[in-house]
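Take a look at the structure below.
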Amino acid sequence: MAAISQAAYRRASSLVCRLHSTYVRKMRYLNELKENDSLCRQAQTSGMFYLFHNLSPFLQEVEKKYLVPQVNAAGAMEKSVIESELKGSFTDLRKALFVVDGKDSALLASAQSLLRWHDSHQYCSKTGQPTQKNVAGSKRVCRGSRVVYYPQTSPVVITLVSDGSRCLLARQPSFPQGMYSALSGFCDIGENLEETVRREVAEEVGLEVESLWYSASQHWPFPSSSLMIACHALVRAQQAEISVDSLELEEARWFGLEEIVEGLKRQPRSSKEDDGSVLPWFPPKQAIAHQLILEWVKQQTSQPA
């Protein structure tokens, strides 16, 4: 009996610790805010807010660092007044994500995705009638059919292809001049992750994946709201001749370790030679493509000679 009581006590103590941990309390509170309109209204009176105008967040530049000011609920002002009073500007999100701290960039991406979703779901797809969002903005409800709509995200694979000693990076026509990144594409309905990786690599560069493995994931607000699922893929060196799909890509090529290491040091503004030619550079550290490239570099440098 004593042993049973001690075991039960340990289990109960463990449960109490989990329920009172900072993370658990925070997650349960945030979940309650999503569904409890009264609690959400109460939180709004003392909450702090990021400012957006036409899906662009407001940034301040302080000592060559970009900050995202947070204002209280009583801080609503006209756009021009905000920029004048707070000494900042509303900035395109693509630029903002790469100049603010990691915590702010994640919150800005989530906020813009939610704003964009609300803007495009103002009417019920079943009845055509207006939908009404709840106080927290976590859902929309059709007034006629009572159908509930929740924000959704689209899964996208982003894959760094390697033949063992080189990695493959590509350019889309929309990329900034000189920037190369990993291959990416949306998951098709009915596909699993592995099938999407193999299909995208075959479609975009004409290579057959021999093996692949998962790395990490990242929310990305473009084009609307995407979950970037990052993977590494290995192809046979003997079959590594690239055949680029010109409808998807502007260029794709192999990079050796030394060229990758040098490219990681470059910034977009410092990627030009004296003759005006553009040197390759890669996505900044806030992008998950950067993490994939760093992982590949570490793998190459850790291998025995």
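Structure summary
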{"quantity": "Ranked list, fewest to most other Cβ atoms within 10 Å of each Cβ, for LYS133, LYS126", "calculated": "LYS126, LYS133"}
{"quantity": "Normalised contact order of the chain, rounded percent, pairs of Cα under 8 Å and 6 or more residues apart", "calculated": "14 percent"}
{"quantity": "Farthest positive-ward along the chain dipole, Cα basis, beta-carbon charges - from SER56, MET228, SER84", "calculated": "SER84"}
{"quantity": "Shape category assigned to the stretch 85-187 from the gyration tensor of Cα positions, a/c cut at 1.5", "calculated": "oblate"}
{"quantity": "Given LYS95/LYS133; LYS79/LYS285; LYS26/LYS95; LYS265/LYS298, the pairs whose alpha carbons are separated by over 27 Å", "calculated": "LYS95/LYS133; LYS79/LYS285; LYS26/LYS95"}
{"quantity": "Unit charges on C-beta of K, R, D, E only; dipole of the stretch 170-266, Debye", "calculated": "380 debye"}
{"quantity": "Rounded to 5, percent antiparallel among DSSP beta bridges of the chain", "calculated": "80 percent"}
{"quantity": "Candidates per GluC sites (Glu not before Pro) in the stretch 111-212, loop by DSSP, up to 14 other Cβ within 10 Å", "calculated": "GLU208, GLU210"}
{"quantity": "Neighbourhood net charge (13 Å Cβ-Cβ; Lys/Arg +1, Asp/Glu -1) for LEU207", "calculated": "-3"}
{"quantity": "For THR196, THR45, THR153, order by how many other beta-carbon atoms lie within 10 Å, fewest first", "calculated": "THR45, THR153, THR196"}
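Throughout, read-outs are computed from the coordinates displayed, never taken from laboratory work. Not measured: the values here are computed from a predicted model. Note that each Cβ is placed from the backbone with ideal geometry, even for glycine, and that neighbours are counted across all protein chains shown.
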